[in-house]
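Please read the structure below before turning to the comments.
Quick note: the coordinates plus some simple rules give every number you see, no bench work behind them. Only a predicted model underlies this, so the values are computations on that prediction, with no experimental measurement involved. Quick reminder, even Gly has a Cβ in these numbers, built from the backbone with ideal geometry, and neighbours come from all protein chains shown.
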Amino acid sequence: MNQSQNPLLTAELVENHPLVDDVNALHQERLTPIERFCKRVADATGAPAALLLAIGVQLVWVATGIFWRWDPFPFVFLLTFSNIIQLILIFIIAVAQRQQSQHDEIRAEADHDSISRLLYHQQLQDQILLRLAERSGVDVSDLESTVKTLLAPATA
């Protein structure tokens, strides 16, 4: 029976399982408006279009400064303006990186929780299968030691 034949296994139910947290939504809920703004600015300044825009503005500025002589070489106003923008962007990018770090921590905790549930579920399935095999008369003595080894706590 495939997924389309079983109404219980719709894509929405599989993707939005109640025991799995939506880490992205959880992270977005925790962001303040300033942090959201910093994230948008950091995302925009990290794009290739922002690099091309910065190069284009500087080339136009240099050409205009030389031609009209309103900011001649060594382009003091351009350098001052660029430094102010860079100082502001340093703090915006630092806030965005801190938010990314928090998002990574939330994701790691959610992954650990999900993996722990899966491993516990697997252990229960192993025990049920061993009991079924014993009740049906199948010799599983050679597998019991392997299962017990797998179920033993990990050592550092």
Between residue 60 and residue 47, what is the label-to-label distance in nm when each label sits 7 Å out along the Cα-to-Cβ direction?
1.7 nm
Treating only Lys and Arg (+1) and Asp and Glu (-1) as charged, each at its beta carbon, one finds that the chain has a dipole about its Cα centre, in Debye to the nearest 20, of 760 debye
Placing +1 on the Cβ of each Lys and Arg and -1 on the Cβ of each Asp and Glu in region 18-151, which of 110, 31, 151 has its Cα farthest towards the positive end of the resulting dipole?
31
Determine the relative contact order of the chain: mean sequence separation of Cα pairs under 8 Å and six or more apart, normalised by residue count, in whole percent.
25 percent
For residue 147 paired with residue 78, estimate the spin-label separation in nm (one decimal), with each label point 7 Å from Cα along the Cα-to-Cβ line.
7.5 nm
Could you pull out every whole DSSP H run in the chain that spans at least 24 Å of Cα extent along its own axis and averages 0.5 or higher on the Kyte-Doolittle scale?
48-68
Which of 124, 73, 61, positive extreme of dipole for the chain (C-beta unit charges)
73
